[in-house]
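What follows is a set of notes on a single structure, which appears directly below.
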């Protein structure tokens, strides 16, 4: 499972000109699910998302987590994140989860996040989404479980 996370001062997701999710200060997490991923990996990823220290402390160092700064978490499914780009000029999606499996694992992640954290927003699985954000820093990391 992969999550491309960005520390943001704001982020939003639109589908067909309708805002379906958004946060202010927090983390935008683009989520990619691979064929072998399971709910245990999703749970580990959630713990990383909530506790990864990418926010500044009083000294300006990245020592604070999303929990510590009471930030928002915007989860957006993005199967292209698990593409293999090592060969040729076209990405390969052979390691990506099937749409059904990807939705099940993503839905588990969302449900667990909402049960654990109060400020969670999402995109819409499988939809053509427009994601806007203001990357704070910029700060971007690729998390894998």
* Does anyone have the angle between helix 39-51 and the longest principal axis of the chain? Alpha-carbon axes, 0 to 90°, nearest 10? -> 30 degrees
* Inter-probe distance in nm under a simple model that places probes 7 Å from Cα toward Cβ, at residue 47 and residue 84 -> 3.0 nm
* **GNM flexibility winner over the chain from 12, 96, 83 (Cα, springs under 10 Å)** => 83
* Asked: Once both labels are modelled 7 Å past Cα along the beta-carbon direction, what's the residue 140-residue 24 spacing in nm?
  -> 2.6 nm
* Looking only at 114, 87, 67, which one moves most when the chain is put into a Gaussian network model with springs between Cα atoms under 10 Å? -> 87
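Report the full-extension gain for the segment residue 15 to residue 100: residue separation times 0.36 nm, less the Cα-Cα distance, to one decimal in nm.
On the way: separation 85, 0.36 × 85 = 30.60 nm, distance 2.05 nm.
So the extension gain works out to 28.6 nm.
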* Asked: Which of these, 118, 85, 134, has the largest mean-square fluctuation under a Gaussian network model of the chain (Cα springs below 10 Å)?
  -> 85
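Give the order of 1, 129, 62 when sorted by the count of other beta carbons within 10 angstrom, beginning with the fewest. Each step should come with its number before you reach the end.
Details: 1 24, 129 18, 62 14.
The most exposed by this proxy come first: 62, 129, 1.
Each reported figure results from applying straightforward, stated rules to the coordinates on display, with no laboratory input. Quick caveat: nothing in here was measured; it's all calculated off a predicted structure. As a convention, Cβ positions derive from the backbone with ideal geometry for all residues, glycine included, and neighbour counts pool all protein chains shown.
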